[in-house]
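Written out below as C-alpha cells is the structure these notes cover.
The values are calculated or read from the model by the stated rules, or taken from the named source; none is laboratory data. Just so it is clear, the model here is predicted, and its values are computed rather than measured. Cβ coordinates were reconstructed from backbone atoms using ideal geometry, including for glycine residues, and neighbour counts include every protein chain displayed. Ligands, DNA and RNA are stripped out before the accessible areas are found, and what is left, the full protein with its side chains, is counted by its heavy atoms. Shrake-Rupley method; radii C 1.70, N 1.55, O 1.52, S 1.80 Å.
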Amino acid sequence: MGLLRLLVLAVLASEPRAAGGAETVGNSSEGLLEFSVGKFRYFTLKRPSPEEAILRHISSNVTFLIFQTHSQYQNTTISFSETLLPNASETGTDKGLVFILRPEQSMCTWHLATLDAKPVQNVAIPLSYSERDPIPGGCNLEFDLDIDPNIYLEYNFFETTIKFAPANLGYARGADPTPCDIQTGRGSRWRLQYDVYQYFLPENDLTEEALLRHLRRMAEVPQVKASAVKVVTLTANDKTSVSFSSLRGQGVIYNVIVRDPFLNTSAAYVPAHTYTCSFVTTEGNCSSLGRVSSKVFFTLFALLGLFICFFGHRFWKTELFFMGFIFVGFFFYILITRLTPLTYDELRVTSSCVCEVRGRPCSTHLPSASYSRLPFRVLHPRGEFSVLLALTAVAGSVGGVFLAAVWWRFGVLAPCLLCVGLVLGFLVSSVTFFTPLGNLKLFRDDAIFWVTFSCIAVVIPVVFIGCLRILNILTCGLVGSYSMVLAIHSYLYTSLSYITLNVLKRALHVDFRGAFLNVPFQTNDFIILAVWGMLAVSGITFQIRRERGQPFFPPHPYKLWKRERERRVTNILDPSHHIPPLRERLRGRLARIKELFRKEQPAGERTPLLL
C-alpha cells in the first residue's frame, strides 16, 4: 500500500505544469476541488453540497497564499474550516482569504459553500507570494478577518466607494510579523504604497461569461498593470478609501496593488466588481436602466430637442419655451431634492436600507455587485422618482411659458438671449469638466469648482455678444441634439450622458466632490458621439442657410398684435371688422345647441274631420 502511494505521488510530481494564469480543471472527486497555484478554475456551487478546495505541492519558497473566488451576483462563502467563524470566513461575490504557511507545510485546504437556492457559477484561483512580498490586509483593524485582502464596495446613485485594509511587510515562514503601528520608519509598513486600478467591462454586456473572463485580467499583478488604468497612488499616511462616480448598468472591476519600493516587490488584493444596480429586483434592475416615466419624459424631451435643433430659430417662441424649461427645471430639481425628502430610489440603496448582518448596517459590508441576494434580510425604501420627475416637468413648463410670455409681452432680447447663452455655456462648461481636467485635485474644492464652472458658462454669451443670431443657432444645434444622448441613456448605457449628470451629482451630493469621474469610452460612445455631432452640424448648417437674408429676430409680438387689433377696429373694409362681438357669438352658438335638443313640431292636420 505504501509503495502504491509513492508511485501515485511520483506520477503527480512528474506532470507538466501549465503557464501561470491559465485555466485548469484539475483532478476532483465528490465534494473535493483540486487547484494549482496561479491556475483559474471554473466550478458550480449548490446549496446542499459544500465543496472543499485543496492545493497540494506548495513550493518551499512560498510564504503565504491568497485564495480568491468570484461570481457575478450570487454570494459564495469561503472559510478555513467547515464551521463558519466571523474571523475565519467571508461571504460575498468577490472574496478571498490569506493563508500564512507554516514551516514545512506543502498543502492547504479551504471550504466553499453557498446559501443561494440557484447554482452559483464561480471562478477561483490561488496565488502564491514570497517572504519579500507585502501582505495585503496584513494590518487590518476595521474588518473581521485578522488578515483581510478583500476590497469592500459601497455604492449609491452618486458614487461608488472602495475600502481596504492596510498591508504589512512580508516575513519568512515561522517568523513573527512586523508590528503595524509601533514604528513609522523605513523598516515598517509605512513605506508601502497602494496603486488603485480601475477596469471597465464592455458596455451593455451584463453576461456572466464576460465578467468571469475579464476578472482573470485583474487577479495577478502583471495582468492588472497591463489591462487596467491606474487612477491614484496612496501612501500609508492616506486613508485607504477611494470614491468613484457611480455608473449604473456599467460593469467595473477595481483592484489595489500594494508596492514595497524598498524591495521592489508587490502583491495584489482580491479584485471586486460592481454594476451599481441589482440583477434580481423587478423594477429598475440592471437590464432596465430607467423607469417607464423617465423613458417617456426623455423621449418627449428629445423629440422637442430635435425640432429645436433644425427649426429653433424660426420658431422663436418654441425655442424660448425649450430653453426656459431646461433652465428652470434644472434648478428646481436641485432645489426640491435638497430641501425635501423626494429623491431617486437609487439614492438610498446603501444609506437608507435596513438589514441584519452581525449587528451591523448593510453599508458596512455591502456586496460588490448586488444587495438583493444576501444571506440576510434587506428592506428597500419606496422611491418617489415619478413624483419628483412630474414636479420637475411642471416647474420646467412654467419656466418655459414664462420666458416665452416675457418675450411676447415686452419683446426684449437681452434676458431671453442671456438665458439661451447660459444654457449653451452650461453645456460647454460641463464638457470641459468631463475631460481629465475634472479629476484634478484643485477642483475638489467646491468654491474653486463652481467659480470656474460659472465663469466658463458666463463667458460663452459674452463672446457672442456681437453676433446674437449665431449664438442662438449654435445653442439650438448643440443643446437640441444633446437631448438625443439623454434619451438614448434611458434605454442604453452611454458615457456621454455623464457630461451633465456629473454636474448634477456635484450639485446634489456634497461628498461627490472627492469622486473620480472616469468613464469608459468604447465603440457605442464613438457611434453616439458621431450621431450627436452629425445632428448638431446639420441643424446649425440648415438654420444658417435658411435664415440668410431674413431679419435677425422676429418683431415684437405684442406690438404686432396690438397694431392688428387697431387695424381691424378702424378698417371697415376688412371682413374681420364685421365679426360680431364675442358675447353675441357665444349667445348664437348656445342658441344653436338648444335647437338640437328642441322637439320637432308635427306638420299637417292631425285632428279628425267633423261631419
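Applying the selection to the range 282-306, what residues are open to solvent by 40 Å² or more (accessible area, probe 1.4 Å) and either farther than 30 Å from Phe322 by Cα or touching a strand residue (DSSP E or B) at 6+ places or on another chain (Cβ under 8 Å) (or both)?
Thr282, Glu283, Ser287
Yes or no: Lys230 open to solvent by 10 Å² or more (accessible area, probe 1.4 Å) and over 27 Å from the mean Cα position of the chain (by Cα)? Before the answer, list the steps.
Values: open to solvent by 10 Å² or more (accessible area, probe 1.4 Å): yes; over 27 Å from the mean Cα position of the chain (by Cα): no.
Criteria not met by Lys230.
Would you check if Pro86 is surrounded by fewer than 20 Cβ atoms within 10 Å (Cβ to Cβ) and either out of contact with any Phe, Trp or Tyr (no Cβ under 9 Å at 6 or more places or on another chain) or not hydroxyl-bearing (Ser, Thr, Tyr) (or both)? Lay out the reasoning, then the answer.
Details: surrounded by fewer than 20 Cβ atoms within 10 Å (Cβ to Cβ): yes; either out of contact with any Phe, Trp or Tyr (no Cβ under 9 Å at 6 or more places or on another chain) or not hydroxyl-bearing (Ser, Thr, Tyr) (or both): yes.
Yes.
Can you spot a residue in the range 132-143 that is assigned to a loop (DSSP other than H, G, I, E, B), in contact with a strand residue (DSSP E or B) (Cβ under 7 Å, 6 or more places away or on another chain), aliphatic (A, V, I, L, M) and touching a residue at least 24 places away in the same chain (Cβ under 8 Å)?
No, there is no match, as no residue in the range 132-143 is assigned to a loop (DSSP other than H, G, I, E, B), in contact with a strand residue (DSSP E or B) (Cβ under 7 Å, 6 or more places away or on another chain), aliphatic (A, V, I, L, M) and touching a residue at least 24 places away in the same chain (Cβ under 8 Å).
Working carefully through the options Ala515, Ala536, find the one that is out of contact with any strand residue (DSSP E or B) (no Cβ under 6 Å at 6 or more places or on another chain) and on the phi < 0 side of the Ramachandran plot.
Working: Ala515 fails: out of contact with any strand residue (DSSP E or B) (no Cβ under 6 Å at 6 or more places or on another chain).
When all the criteria are applied, what remains is Ala536.
Going through the range 84-112 one residue at a time, which ones are under 16 Å from Glu52 (Cβ atoms) and more than 38 Å from the chain's Cα centre (by Cα)? Full working, then the answer.
Applying the first criterion (under 16 Å from Glu52 (Cβ atoms)) to the range 84-112 yields 84, 88-89, 97, 99, 107-112.
Within the range 84-112, Met107, Cys108, Thr109 meet the criteria.
So for the range 97-118 (the condition being assigned to a loop (DSSP other than H, G, I, E, B) and basic (Lys, Arg)), does at least one residue qualify?
yes
For (1) at pLDDT below 95; (2) farther than 29 Å from Gly185 by Cα; (3) among the small types (Gly, Ala, Ser); (4) surrounded by fewer than 19 Cβ atoms within 10 Å (Cβ to Cβ), each residue gets a yes or a no:
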{"position": "Arg216", "(1), (2), (3), (4)": "yes, yes, no, yes"}
{"position": "Asn237", "(1), (2), (3), (4)": "yes, no, no, yes"}
{"position": "Ser246", "(1), (2), (3), (4)": "yes, yes, yes, no"}
{"position": "Gly249", "(1), (2), (3), (4)": "yes, yes, yes, no"}
{"position": "Tyr254", "(1), (2), (3), (4)": "no, yes, no, no"}
{"position": "Ile257", "(1), (2), (3), (4)": "no, no, no, no"}
{"position": "Ala268", "(1), (2), (3), (4)": "no, no, yes, no"}
{"position": "Cys277", "(1), (2), (3), (4)": "yes, yes, no, no"}
{"position": "Val280", "(1), (2), (3), (4)": "yes, yes, no, yes"}
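Somewhere in the range 206-214, is a residue open to solvent by 50 Å² or more (accessible area, probe 1.4 Å), out of contact with any Pro (no Cβ under 7 Å at 6 or more places or on another chain), within 21 Å of His70 (Cβ to Cβ) and not acidic (Asp, Glu)?
yes
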